[in-house]
Amino acid sequence: MRKLFLTVLIVFICFFSLPAYSNEEPLINYEFGRGLKLKWFPLRVGGYLSVKYRWTNKDEFEFNFENLAVLLYGDISKRTRFFFELEARDLYLKKREIEIEEDYDEDEDDDDDDEEEEYEEYEKYREIEIEIEREFEIKPEVERIYLEYLISDALRLRVGKFITPIGIWNPIHIPPLKWTSIDPPAATDFFPRFTTGLKIYGLLPFQSESWEYSIFIQRTKGIDDRNNNVRTDNFYGLEIKKFFSDISVEFSIGKFKDLSINRDIQFTGISFDVPYRRFRMMSEFIYGTEKGSNAYSRKSYYIQGIYRVFSKNYLIVRNDYFDNQKNNRNIKAILVGWNYRPLYPISLKVEFQWKKDSLEGDLLEFATSFAVLF
Amino acid sequence: MMRKLITFIFFTIWFSISKAEEIVIIANKSIPVNHISKREVKLIYLKKKFFIKGTKVVPVNLHPFNPLRKKFNRYILNMDEEQLSLYWNEMYFNGIDPPIVLSSQRAVVEFVSKVKGAIGYISPKYVNNKVKILLRVRINGKKSSDSRR
């Protein structure tokens with residue numbers, strides 16, 4: 001499998017490209033950042049990779065060859081599309097980190113399975129130092145696989161495993177597209193990143209089609225769910241997006257069962273995307289609650305400003321907030337970063353984040369990454 | 001003094017009218033409408049809208065260095081080439097390719113006249129009777145306006 005991946009990668013890098021501006025489709029067309037297309041084959045092949053380094057003032061560090069992914073997609077017929085993404089994560093990982101173990105019990109022999117006990121107040125914590133060095137290893141996983149049928153602009157159906165269409169960050173969560181290497185908790189901790197099931201979406205046929213909607217349903221176990229942040233077999237959600245010229249506002253709601261804690265969770269979110277000339281402001285606010293007795297709530301938001309200082313160079317400033325009632329954890333963070341895109345498929349990022357965490361204390365984090373679409 | 005001011009205003013208006021340019025949105029005759037809005041053109045070129053009254057549309061673009069494409073990006077899509085590149089990065093990740101790129105405005109007219117559902121943009125001088133005009137967008141200085149045929 002490792003040889004296959006390397007062969008595919010070398011083929012991409014070495015392949016010559018024919019001019020894309022002719023009046024007929026060339027026999028072989030490779031465009032950097034847009035993949036390879038053969039005239040006689042309906043699908044396009046492409047992908048991306050990323051490498052990241054992070055360090056904190058607690059002497060934690062991480063060097064990670066994060067992703068290597070291959071995409072295969074295209075129009076099978078006039079109305080039918082296919083999409084497949086195979087991804088290998090953490091191909092090489094070396095890290096040292098300090099983890100906080102919550103609800104640490106010195107007398108572990110007394111442990112029993114009483115569910116109620118899980119939700120008692122947490123009083124004891126301990127710090128554990130973890131060091132990991134993993135050999136270079138490729139374990140491909142199915143990140144996405146779906147078939148799409150376009151009935152009309154107002155009604156499109158997607159079946160398979162797809163990205164959960166909530167908010168701004170999650171739909172573009174891969175390193176070459178993200179603005180920063182460090183993710184905001186509002187976009188990563190509240191709902192499953194992927195959904196396996198059915199998605200119905202489209203443009204609503206009124207007000208100049210300035211409304212978009214997405215409804216999604218999962219009623220099965222997820223396809224290759226090892227890397228999903230939340231494992232669920234039951235997930236429903238809805239998102240409505242309204243465009244006011246170039247400004248968009250999104251409202252979302254959803255409900256799922258978190259299999260790791262065997263609890264139903266609901267969330268509600270709102271996000272804004274405001275582009276104005278060289279400036280872009282984006283923000284997401286999300287509120288989640290656990291259902292049932294001893295229910296807890298969590299809330300989080302981020303506000304991020306992106307300014308194109310000069311061509312291909314972007315300054316990013318972000319404010320994050322996260323509050324978890326369950327363990328009284330409260331995080332406030334400020335991030336300042338720089339994103340350089342020398343060519344449109346390449347992203348080089350450098351950033352500092354100052355974090356005030358009620359559980360882990362104050363933290364200064366530095367992160368840098370390189371990511372490329374090919 | 002008043003006469004000078006009137007003369008100045010007259011020449012300013014005349015100059016701006018004489019510099020006005022048009023982008024013409026053309027379509028294959030299979031497209032079952034005679035007019036579309038600027039917003040619809042934008043949605044079609046950003047591959048957010050795929051149909052016009054049930055007919056699948058095929059948008060065609062000029063290459064990135066063509067001056068008309070730069071005007072089209074600016075006045076119709078309200079984006080520059082860098083913003084568009086970032087947008088198409090996201091769409092590529094979601095399995096959607098940008099519109100087909102053709103080498104010249106003549107090639108656009110030829111393609112649009114032959115391919116069912118095709119839609120393109122050209123300068124008025126390239127329009128012929130093999131295609132239908134859906135929209136004329138007048139570019140006048142920094143502002144643009146829709147106008148029906």
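Bear in mind these aren't lab numbers, they're just calculated from the coordinates by the rules spelled out. These numbers were taken from a predicted model, which means no experiment stands behind them. Neighbour counts run over all protein chains shown; Cβ positions are idealised from the backbone, glycine included.
Details
- Full extension of the chain between A:Val249 and A:Glu127 gives 39.8 nm of extra length, using 0.36 nm per residue less the Cα-Cα distance.
- Taking 24 Å as the limit for the C-alpha separation, the pairs A:Lys37/B:Lys47; A:Lys139/B:Lys48; A:Lys78/A:Lys161; B:Lys49/B:Lys114 exceed it in the case of A:Lys139/B:Lys48.
- Order by protection proxy (mean Cβ within 10 Å, highest first), peptides A:252-259, A:167-174, A:356-363: A:167-174, A:252-259, A:356-363
- Restraint check, A:Lys242/B:Lys116; A:Lys255/A:Lys291; A:Lys52/A:Lys94, Cα-Cα greater than 21 Å: A:Lys242/B:Lys116
- GNM remark for chain A: springs join alpha carbons under 10 Å apart, and the peak mean-square fluctuation among A:Trp40, A:Trp354, A:Trp179 falls on A:Trp40.
- Net charge over other residues, Cβ less than 9 angstrom from the Cβ of A:Thr368 (K, R count +1; D, E count -1): +2
- Cα gyration tensor category, rounded, prolate or oblate, for region B:22-147 with a/c compared to 1.5: rounded
- Label-point separation in nm, A:Trp354 to B:Met91, each point 7 Å along Cα→Cβ: 4.1
- Distant-in-sequence amide H partners of B:Val58 (H built 1.01 Å from N, under 5 Å): B:Ala118, B:Ile119
- Surrounding net charge for A:Asp323, when Lys and Arg each add one and Asp and Glu each subtract one, Cβ distance under 9 Å: +3
- For chain A, the longest principal axis of the alpha carbon atoms and the long axis of helix A:2-14 meet at an angle near 50°.
- Within a Gaussian network of chain A (alpha carbon springs, distance under 10 Å), most fluctuating of A:Pro42, A:Pro176, A:Pro165: A:Pro42
- Separation in nanometres of the label points that stand 7 Å from Cα toward Cβ, at A:Tyr296 and A:Tyr340: 4.2
- Around the amide H of B:Leu102, modelled in the peptide plane, lie the amide H atoms of B:Asn61, B:Leu62, B:His63, all under 5 Å away and 5 or more residues distant in sequence or on another chain.
- The mean sequence distance of close C-alpha pairs (under 8 Å, at least 6 residues apart), as a share of the length of chain A, puts its relative contact order at 13 percent.
- Using every pair of separate Cα atoms, the Kirkwood estimate puts the hydrodynamic radius of region A:261-342 at 14.7 angstrom.
- Per residue of B:79-87, other chain Cβ atoms within 10 Å of the residue Cβ number 3 on average.
- Sum of side-chain charges, A:Leu38 neighbourhood, beta-carbon under 12 Å (Lys, Arg +1; Asp, Glu -1): +2
- Note on A:Val274 and A:Leu259: their simple-model spin labels are 4.2 nm apart, each label 7 Å out from Cα toward Cβ.
- For A:Thr164, residues with placed amide H under 5 Å, excluding near neighbours: A:Phe194, A:Thr195
- Extension gain (nm, one decimal) between B:Lys114 and B:Lys56, 0.36 nm per residue minus Cα-Cα: 19.4 nm
- Per-residue 3J(HN,Hα) values for region B:113-118, derived from phi via the Karplus relation 6.51 cos²θ - 1.76 cosθ + 1.60 with θ = phi - 60°, read 5, 9, 9, 4, x, 6 Hz in sequence order (x marks Gly and Pro).
- Taking every DSSP helix (H) stretch of at least 4 residues in the protein assembly as shown, weighting each as -39,500 (n - 2.57) and dividing the sum by the residue count yields a mean residue ellipticity at 222 nm of -4000 deg cm²/dmol.
- For the protein assembly as shown, a crude dipole built from +1 on the beta carbon of Lys and Arg and -1 on the beta carbon of Asp and Glu, taken about the Cα centre, is about 6700 debye to the nearest 20.
- For region B:22-147: relative contact order, % (alpha-carbon pairs under 8 angstrom, 6 or more apart): 46
- Bridgeable lysines around A:Lys312 (alpha carbons under 19 Å apart, same-chain partners fewer than 8 residues away excluded): A:Lys178, A:Lys349, B:Lys70.
- Extension gain, B:Lys48 to B:Asn34, is 3.0 nm, computed as 0.36 nm per intervening residue step minus the present C-alpha separation.
- Taking only the Cα atoms of chain A, the radius of gyration and Dmax are 22.1, 75 Å.
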